[in-house]
Amino acid sequence: MRYAQGGGQTTERRRFRELIRYEAGERFERGDKTAVIARDLRVSERSVERWQRAWREGGMDALASTGPAKLPKLSDGQFAELEKELALGPAEHGWEDQRWTVARIRAVIAFKFRLDCSMAAVWRLLHRHGWSWQSPARRALERDEHAVELWKKDVWPQVE
């Protein structure tokens, strides 16, 4: 499941989901059916079954929130340092063009903080802090419209 804020559930949302699980636990004690609980709490039956299994094995304590799924590798202070490095631009770090890619940011993190992060972890880190991918707002100046039209006319029909 993907969450709008990008990094998982907020503390408030985790607490809300925990209260739903506790409500389900009370209904398990009363002997309510799984399908009825799922419908009333507006969750999937599979989730209710998973909660019921945990409740049978560990009681109401097993329904408590375990906290965020994964904590970020960089602290807020380290991320502020990373943003300063990114503001210098890719050329300052040895790349010829002015594009930051996830792979390049990963290399900066590895060099600056001696941390080995996966590409997915770097993307989640950036997204969690409000960064997003960017696409050009206009077409490249180098684009040759005539060549594009010829390609569409001659090559594309053969590809299709």
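The values are calculated or read from the model by the stated rules, or taken from the named source; none is laboratory data. Just so we're clear, the structure is a prediction, and the values are computed from it rather than from any experiment. As a convention, Cβ positions derive from the backbone with ideal geometry for all residues, glycine included, and neighbour counts pool all protein chains shown.
Give the residue, chosen from Ala110, Ala121, Ala87, that is assigned to a helix (DSSP H, G or I) and within 30 Å of Ala54 (Cα to Cα).
Exactly one residue qualifies, and that residue is Ala121.
Determine which member of the set Leu71, Leu82, Leu125 is in contact with a Phe, Trp or Tyr (Cβ under 9 Å, 6 or more places away or on another chain) and at pLDDT below 90.
Checking each option against the conditions leaves just Leu125.
Would you say Ala137 is assigned by TED's automatic domain parsing to the domain that holds Ala80 and exposed (fewer than 10 other Cβ atoms within 10 Å of the Cβ)?
It is false that Ala137 is assigned by TED's automatic domain parsing to the domain that holds Ala80 and exposed (fewer than 10 other Cβ atoms within 10 Å of the Cβ).
All but one of (1) acidic (Asp, Glu); (2) assigned by TED's automatic domain parsing to the domain that holds Leu19; (3) within 20 Å of the chain's Cα centre (by Cα) hold for Glu57, so report the exception by its number.
(3)
Glu49 passes all but one of (1) assigned by TED's automatic domain parsing to the domain that holds Trp123; (2) more than 30 Å from Ala121 (Cβ to Cβ); (3) of a type outside the set (Phe, Trp, Tyr); which number fails?
(1)
Regarding region 64-71, can at least one residue be identified that is without any contact (Cβ under 8 Å) to a residue 12 or more places away in the chain and either of a type in the set (Ser, Thr, Tyr) or in the same structural domain as Ala38 (by TED's automatic domain parsing) (or both)?
Yes - at least one qualifying residue is present in region 64-71.
Only one of these is of a type in the set (A, V, I, L, M, F, W, C) and either within 30 Å of Arg128 (Cα to Cα) or not in a helix (DSSP H, G or I) (or both): Val48, Val36. Name it.
Within the list Val48, Val36, the selection yields Val48.
Looking for whichever is touching a Phe, Trp or Tyr at 6+ places or on another chain (Cβ under 9 Å), more than 30 Å from Ala110 (Cα to Cα) and modelled with pLDDT under 85 here; the options are Arg13, Arg21, Arg56. Which one fits?
None of the others qualify; the one that does is Arg13.
Test Asp61 against the criterion of being loosely packed, with under 13 Cβ neighbours inside 10 Å, closer than 30 Å to Glu29 by Cα and either touching a strand residue (DSSP E or B) at 6+ places or on another chain (Cβ under 6 Å) or among the charged types (D, E, K, R) (or both), and give yes or no.
It is true that Asp61 is loosely packed, with under 13 Cβ neighbours inside 10 Å, closer than 30 Å to Glu29 by Cα and either touching a strand residue (DSSP E or B) at 6+ places or on another chain (Cβ under 6 Å) or among the charged types (D, E, K, R) (or both).
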